[in-house]
1. Give me the residue from segment 45-60 that is farther than 15 Å from residue 167 by Cα and out of contact with any Ser or Thr (no Cβ under 9 Å at 6 or more places or on another chain) and, out of that set, most open to solvent (accessible area, probe 1.4 Å).
2. Could you look through segment 298-325, keep only residues that are in contact with a Lys or Arg (Cβ under 8 Å, 6 or more places away or on another chain) and crowded, with 16+ Cβ neighbours inside 10 Å, and pick out the one that is nearest to residue 351 (Cα to Cα)?
3. Look at segment 406-437 and say how many of its residues are of a type outside the set (Asp, Glu) and either open to solvent by 60 Å² or more (accessible area, probe 1.4 Å) or in contact with a Cys (Cβ under 7 Å, 6 or more places away or on another chain) (or both).
4. I need a count of the residues in segment 4-35 that are open to solvent by 10 Å² or more (accessible area, probe 1.4 Å) and over 23 Å from residue 275 (Cα atoms).
5. Examine segment 54-67 for a residue that is farther than 16 Å from residue 92 by Cβ, without any contact (Cβ under 8 Å) to a residue 24 or more places away in the chain and in contact with an Asp or Glu (Cβ under 9 Å, 6 or more places away or on another chain), and state whether such a residue exists.
6. Answer yes or no as to whether residue 183 is at pLDDT 95 or above, more than 15 Å from ligand 2 (Cβ to nearest atom), within 20 Å of residue 111 (Cα to Cα) and more than 16 Å from the chain's Cα centre (by Cα).
7. Select from segment 340-364 the residues that are of a type in the set (Ser, Thr, Tyr) and closer than 12 Å to residue 313 by Cβ and write down the one among them that is farthest from ligand 1 (Cβ to nearest atom).
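The values are calculated or read from the model by the stated rules, or taken from the named source; none is laboratory data. Since we're looking at a predicted model, the values are computed, not measured. Here Cβ is always computed from backbone atoms with ideal geometry, including for glycine, and neighbour counts include all displayed protein chains. Areas reflect the complete protein model, heavy atoms only, side chains present, ligands, DNA and RNA absent. Shrake-Rupley method; radii C 1.70, N 1.55, O 1.52, S 1.80 Å.
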Amino acid sequence: MKIQNICCLGAGYVGGPTMSVIALKCPEIKVTVVDLNQARIDAWNDENLDNLPVYEPRLAEVVAEARGRNLFFSTDVDAAIDAADMIFIAVNTPTKTYGEGKGMAADLKFVELCARQIARIAKNDKIIVEKSTLPVRTAETLQTILESTGCGVHFEVLSNPEFLAEGTAIEDLFNADRVLIGGKQTPKGKEAIQALVDVYAHWLTPKQILTTNVWSSELSKLTANAFLAQRISSINALSALCEATEANVDEVANAIGTDSRIGPKFLKASVGFGGSCFQKDILNLVYLCRYFNLPEVADYWEQVIILNDYQKSRFAKNIISSLFNTVSDKKITFLGWAFKKDTNDTRESAAIYVADYLIEDGAQIHVYDPKVSEAKIKADMAYLWELKGLTEQKITSKLKQIFVYNTSMAALHQAHAVAVLTEWEEFKTYDWKTIYINMFKPAFVFDGRNILDSEQLTAIGFRVKGIGKG
Ligand code: NAD
Ligand code: UDX
């Protein structure tokens, strides 16, 4: 079976970049990305490529080449479903904020709505591809919903989890370590798997394309994220011990990373991992383990999250204790708000939790991030406080403790302390001598990413505290 028309439900951080790359690499396939969010679709269609809703290096050039040729963005979901022979579901699957499984389980309501809509609209056989990260055995639920209308259309459900990381999405898609495709081991299932393999084979080698059964594929995604996050929590746990013993966590990471069995990647100690995936997916894994009555396994993975929360609050507490046990009315400048460099995404960013902690202690938080807007920063804090049950009045009053700037120098002027929350390259290139002159003394730097030259800063006069530096 040769795919001619692809539709993707969800034009977010995954749907947008993945479909743009598929369209670029498969010029004979028409790719339509649809979303319910009109503003998001308008931004994807914006003439000015600086206004795309997702910031990713090289994304604009990919969109520029494919958009209008065989790549389209639309809100006409029904029409796109009707025309497609392969439908990707790339909608959000956040942690549930209500009811059964609140705070742990993945909220599958958006995925379920997609399945119902496909079942209602489809008039001919379709391959449905799970691109969203889903709990193991969701394909079974989807199949049941898709077949519930009894319209005689055949739906073949595949699992094809996405492994791209934000900030390197295009590079990751162009040159994936692997693409994983899970499907039923029936003749129709194998045919559907092959159809999707053929799409990726436009630019990836057979070695890069793995095929498995559906459940292994679904579970591999949660497992991959759990293992990656576990490495960060492991090195962050040891960063606390380094601080207590005058060992240097970067030296320890380097020393163990040269062991080829351990490897050097994902051992960078930090203020704590953020992003829309790690926490959500591990909580989901923990929930699944409890559901299947595996409490020891659940507790094991939950510790990765507990340690990450500890790391974020440890960083905030360290700022308070270093600033003579109070940050009340002090100006603390945050360099960076995004959860990592080269993205405008702030979901679960450590900055949000550190800011909350310091604001509770009376601090004035002054933020500069090259890609995140004032509106987004304030919305992030308001959302957290809403979840915590704060009144509207209290939220409005707390938001007055946050100030956002378009330039770093303005944000840093007359600050008591600087905290590096995101590892943007530009922070390394600043004129730190001038920054020092314009700050209150003693001037503190809390480097939550260990990116600054601490010796040079100390020579200038700063009091520097990195992560895991004794
Ligand atoms: P996102 O929130 O950026 O985008 C999801 C989009 O889906 C939103 O624009 C939303 O409006 C849209 N949507 C919701 N319901 C819809 C419907 N019924 N029809 C059409 N559109 C609908 O989310 P994301 O970051 O792109 O993540 C999507 C999925 O991919 C999640 O399951 C996530 O876990 C997974 N994932 C994300 C990443 C990442 O780096 N962000 C990486 C791998 C996997
Ligand atoms: C992650 C997975 O890497 C990706 O495969 C999956 O598809 C989605 O989830 P992402 O969250 O976009 O990707 O970025 P990632 O590079 O994994 O970073 C996640 C967080 O961990 C960031 O806050 C980052 O700063 C932090 N991190 C990463 C560290 O603190 N130390 C490290 O060594 C690596």
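1. Among those residues, the one meeting the criterion is 47.
2. 318
3. 9
4. The number of residues fulfilling the criteria is 8.
5. yes
6. yes
7. Selected residue: 357.
Every residue, every condition in (1) of a type in the set (Lys, Arg); (2) without any contact (Cβ under 8 Å) to a residue 24 or more places away in the chain; (3) within 29 Å of residue 429 (Cα to Cα), yes or no:
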site: 360; (1), (2), (3): no, yes, no
site: 363; (1), (2), (3): no, no, yes
site: 366; (1), (2), (3): no, no, yes
site: 370; (1), (2), (3): no, no, yes
site: 382; (1), (2), (3): no, yes, no
site: 387; (1), (2), (3): no, no, no
site: 391; (1), (2), (3): no, yes, no
site: 398; (1), (2), (3): yes, no, no
site: 403; (1), (2), (3): no, no, yes
